[in-house]
Amino acid sequence: MTQKGNHRVLIIGCGELGSRHLQAVATLPQVKEIEVVDPRPEGLQLGRERVAEVEKRQPSIAYRWLSSIEEASKGGDLCIVATQADARCQVVREVARSLDYSSFLLEKMVAQSVRDYEGLMAFSREKGLSVWVNCKTRVHPSHKRVKEHLDPAEPIVFSVVGGNHGLANNGVHVADLFAYYDSADRIESAGARIDPILHPSKRGNGMFDLSGMLQGYTKKGSHFTLSFAAGHDAPPYYTVISPRYRAIVDDMMKWFYESTKEAGWSWRQVPFEANLMVSNMTRTFAADILKSGRCELPTLDECFPAHHFILTELQPHFNKLLGTEVDRCPAT
């Protein structure tokens, strides 16, 4: 990697999430240049506006606003991919091959099919890439604290209940958190009840999501339930129970209670102080990758159990509602 103050970061896709990653990177003193690629003029304009909003941006950073990957410079230090899910795997291949990048931070969902995800893992191993997935829920201080209080040998019961936040898009976060809590390398299906409704995604034409209920379990005996109601958008909350510890966490309202068997199961409030915005958390992730070549986000391989579970469970329901027979979920 290049020396401090001399790093180049490439951001591909500058929509709602990509522009927030851009805001985070714009504050890093070790970055000298940011290249932003988006074929849509409105995406590049959003990026310019979002950078202007950042009070602590580094004035020495140079920006290049590009409409194609072919215009980008070779040999950067970190590529953040925030395109639609259907393009992410191909973008990683193209950037690794033509621009010689080896470190990537990917938005989720990583891919729309298990086959595409497995293909990207194989490519990453072949090329020696370092790839992290922005399933950042497991990095929240509240969830790290819960993990610390769980006995790795004991099963847990985990549930997440909320309004319509997308079983595909946000379900990946939930499944990844369950795998993190349980240290599971696979989540098995315990059944589903999916609403017969295709919810159009705000993130692109032809993209949808689903509501309803998913259930899963692991070989340890842990199981979880994810339930997103169709008719409203009430914030979700998390509950986890083990033989000696239980917790309730509401990230949206910054509310966290826990109790232990040792203390007679009486509830105790835990301070909740973290800034969970992408524009804040990516700052830490990117800085760590540029400094040490690692960060707390799950790697591509570590995030596979969550993607495998969500994609496998939801694909038949997407096919039924769309009247198609394809091997992918039209979600992002």
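The values are calculated or read from the model by the stated rules, or taken from the named source; none is laboratory data. Remember, predicted model here, so these are calculated numbers, not experimental data. Glycine also receives a Cβ, built like all others from the backbone with ideal geometry; neighbour counts cover every protein chain displayed. Note: accessible area is taken over every heavy atom of the protein model, side chains too, but ligands, DNA and RNA are not part of it. Shrake-Rupley method; radii C 1.70, N 1.55, O 1.52, S 1.80 Å.
In order along the range 74-81, the phi-based Karplus estimate (6.51 cos²θ - 1.76 cosθ + 1.60, θ = phi - 60°) of 3J(HN,Hα) comes to 7, x, x, 9, 7, 10, 9, 10 Hz; Gly and Pro are listed as x. Looking at the range 191-304, the accessible area is 55 square angstrom per residue; that uses a 1.4 Å probe and ignores ligands, DNA and RNA.
Using bins of 20 Å that start at zero, the share of Cα-Cα pairs per bin across the chain amounts to 31, 58, 12, 0, in whole %. Grouping the Cα pair distances of the range 165-299 into 10 Å bins from zero gives a pair-distance distribution of 10, 29, 37, 21, 3, 0 percent in increasing distance order. Counting only DSSP H runs of at least 4 residues, each contributing -39500 (n - 2.57), and dividing by the residue count of the chain, the helix-based mean residue ellipticity at 222 nm comes to -10500 deg cm²/dmol. Karplus-based coupling profile of the range 259-273, in residue order and whole Hz: 8, 10, 4, 4, 9, x, 6, 6, 6, 10, 6, 10, x, 10, 10, with θ = phi - 60° in 6.51 cos²θ - 1.76 cosθ + 1.60 and x standing for Gly or Pro. Once divided by 2.2 N^0.38 Å, the Cα radius of gyration of the range 133-214 becomes 1.23. Take the Kirkwood radius over Cα pairs of the range 1-59, plug it into Stokes-Einstein at 10 °C and 1.306 mPa s, and you get 138 µm²/s for translational diffusion.
A simple spin-label model places the labels of ASP250 and LYS147 2.5 nm from each other, with each point 7 Å out along Cα-to-Cβ. Under conditions of 10 °C and 1.306 mPa s, the range 81-158 yields 111 µm² s⁻¹ as its translational diffusion coefficient, taking Rh as the Kirkwood radius over Cα pairs in the Stokes-Einstein equation.
Projecting label points 7 angstrom from Cα along Cα→Cβ for ASP185 and ARG64 puts them 4.1 nm apart.
Relative to the longest principal axis of the Cα atoms of the chain, helix 171-182 runs at roughly 70 degrees. The GluC sites (Glu not before Pro) found in the range 249-332 that occupy coil by DSSP, while having at most 13 further C-beta atoms within 10 Å, are GLU262, GLU273, GLU296, GLU325.
Heavy-atom accessible area, probed at 1.4 angstrom with all protein chains present, ranks SER60, SER124 as SER60, SER124, highest first. Ordering ALA24, GLY231, PRO196 by Cα displacement along the dipole of the chain toward the positive end leaves ALA24 in first place; charges were set at the Cβ atoms of Lys, Arg (+1) and Asp, Glu (-1). A simple charge model with +1 on the Cβ of Lys and Arg, -1 on the Cβ of Asp and Glu and nothing else charged puts the dipole of the range 1-62 at about 260 debye relative to its Cα centre.
Straight-line cross-link reach from LYS291 at under 23 Å between alpha-carbon atoms covers these lysines, not counting any fewer than eight positions away in the same chain: LYS4, LYS32, LYS56, LYS74, LYS127, LYS136, LYS144.
Nearest 10 degrees, 0 to 90: what angle lies between the long axis of helix 304-322 and the longest principal axis of the chain (Cα atoms)? Value to nearest ten degrees: 90.
Using the empirical formula 2.2 N^0.38 Å as the baseline, the Cα radius of gyration of the range 7-115 reaches a ratio of 1.00. The packing ranking of peptides 186-194, 13-21, highest mean first, is 13-21, 186-194, where packing means the average number of other beta carbon atoms within 10 angstrom of each residue. Per-residue 3J(HN,Hα) values for the range 150-165, derived from phi via the Karplus relation 6.51 cos²θ - 1.76 cosθ + 1.60 with θ = phi - 60°, read 8, 7, x, 8, 9, x, 10, 10, 10, 9, 9, 10, x, x, 7, 10 Hz in sequence order (x marks Gly and Pro). In a reduced charge model with +1 at each Lys and Arg Cβ and -1 at each Asp and Glu Cβ, the chain shows a dipole moment near 560 debye about its Cα centre.
For LYS220 and GLN45, a Förster radius of 45 Å and the Cβ-Cβ distance give a FRET efficiency of 0.35, rounded to the nearest 0.05.
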